[in-house]
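One structure is given below, encoded as structure tokens.
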């Protein structure tokens with residue numbers, strides 16, 4: 001049987017927080033030690049991570065200690081934003097197959113890092129169910145990492161996301177064991193007696209029409225439906241009706257609320273009912289009639305515009321949780337990992353603890369741990385993707 005439980009601490013002292021969170025998790029799980037421990041910390045603890053990691057490893061007896069910094073952290077009980085926090089999830093069971101790895105110097109070559117991850121997976125006795133991944137968002141180039149991994153190993157579900165921070169240092173941290181790193185990716189393979197299911201909830205609602213990109217170059221979009229892309233963007237913005245619960249929007253901030261919706265598969269034209277990826281519109285050039293997107297956009301692809309909408313986000317969260325219940329029943333789920341975009345939480349809903357309260361209502365006894373992230377990993381139709389402005393919940397149950 002798999003034993004799992006979470007603990008957290010809001011104590012500012014790193015030592016007291018490490019002890020409180022670890023012992024609470026062990027006590028709730030009925031364990032004296034745990035083979036695998038997930039640990040997340042807010043930026044307030046960043047200067048003490050080299051002390052926190054060995055202390056928690058010693059308290060829990062963890063063979064595998066994995067995690068990252070977050071803009072905020074969460075458990076099934078609460079979300080901690082804009083204040084100090086540590087969260088610990090202990091996992092143990094006789095039939096689990098767990099392995100962990102940290103890869104440094106990620107920025108130098110993401111493709112080779114993905115290939116190295118593939119080599120590591122080849123050494124495992126059994127193929128894992130999934131690989132939980134925490135990457136430095138300032139170094140991680142997901143397409144290259146995915147390519148290196150899949151060319152060398154093949155498809156394996158990657159879940160987790162990009163680490164976060166509070167903006168004071170401009171640096172995030174990833175760890176495996178007592179190695180506290182940056183410009184890195186930490187990975188833990190979960191297998192053996194485990195099965196999993198992942199769901200994705202979005203913050204942004206498609207609006208207006210679907211357009212075909214008829215001229216583009218890299219991340220620059222010149223024409224849509226044969227017309228200047230800038231003109232179509234302006235026309236689309238005029239269609240927006242912000243709800244009363246939406247964050248207030250000023251003219252200069254409109255591109256902080258409106259994003260491009262990109263397809264997840266070829267020839268996708270439906271964005272209302274089908275999955276899609278949310279990407280920033282970086283800027284516009286009225287003279288040239290173009291706008292730029294954070295990701296490359298291929299000519300011939302269909303795209304749409306999306307807008308942050310808390311009401312849509314609430315509904316999508318409930319739909320995601322309801323769908324997950326059909327794949328893993330609440331009484332079967334042993335633990336969950338929830339990676340939540342840093343632009344959700346209080347910034348989206350105007351209140352804290354929204355998402356964890358929803359998770360608790362659908363999965364009342366589920367131990368959960370997670371971060372407020374700079375990117376969320378979740379596969380769609382057996383293809384790995386890095387998402388933004390989303391919440392990705394992965395549930396684990398016994399086979």
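Read-outs throughout are calculated quantities, based only on the coordinates presented, and are distinct from any laboratory measurement. Just so it is clear, the structure is predicted and the values come from calculations on it, not from any experiment. Cβ coordinates were reconstructed from backbone atoms using ideal geometry, including for glycine residues, and neighbour counts include every protein chain displayed.
The table below gives the values:
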item: Order of 16, 399 - criterion: other Cβ atoms within 10 Å of each residue's Cβ, fewest first; result: 399, 16
item: Cβ-derived FRET efficiency at R0 35 Å, residue 51 paired with residue 108, nearest 0.05; result: 0.75
item: Extension gain (nm, one decimal) between residue 287 and residue 58, 0.36 nm per residue minus Cα-Cα; result: 76.3 nm
item: log10 of Debye I(q)/I(0), alpha-carbon scatterers only, for region 91-152 at 0.13, 0.16 Å⁻¹; result: -0.37, -0.54
item: For the chain, alpha-carbon Rg and Dmax in angstrom; result: 20.8, 66
item: Difference of contour (0.36 nm per residue) and Cα-Cα distance, residue 179 to residue 265; result: 27.2 nm
item: Label-point separation in nm, residue 28 to residue 280, each point 7 Å along Cα→Cβ; result: 3.4 nm
item: Residues of region 273-290 with amide N under 11 Å of the 7 Å Cα→Cβ point at residue 311; result: none
item: Net length gained if the chain between residue 399 and residue 1 were fully extended (0.36 nm per residue, minus Cα distance); result: 142.2 nm
item: Ascending count of other beta-carbon atoms within 10 Å, so fewest first, for 266, 22, 68; result: 266, 22, 68
item: Förster radius 56 Å - calculated FRET efficiency between residue 126 and residue 256 (Cβ-Cβ, nearest 0.05); result: 0.80
item: Helix-derived mean residue ellipticity, 222 nm - over the chain, DSSP H n ≥ 4, -39500 (n - 2.57), to 500; result: -7000 deg cm²/dmol
item: Span from the region 57-80 Cα centroid across to the region 109-165 one, whole angstrom; result: 21 Å
item: Region 204-307: translational diffusion in µm²/s, Stokes-Einstein, Kirkwood Rh over Cα pairs, 10 °C, 1.306 mPa s; result: 116 µm²/s
item: Where labels lie 7 Å past Cα in the beta-carbon direction, separation of residue 273 and residue 326 in nm; result: 1.3 nm
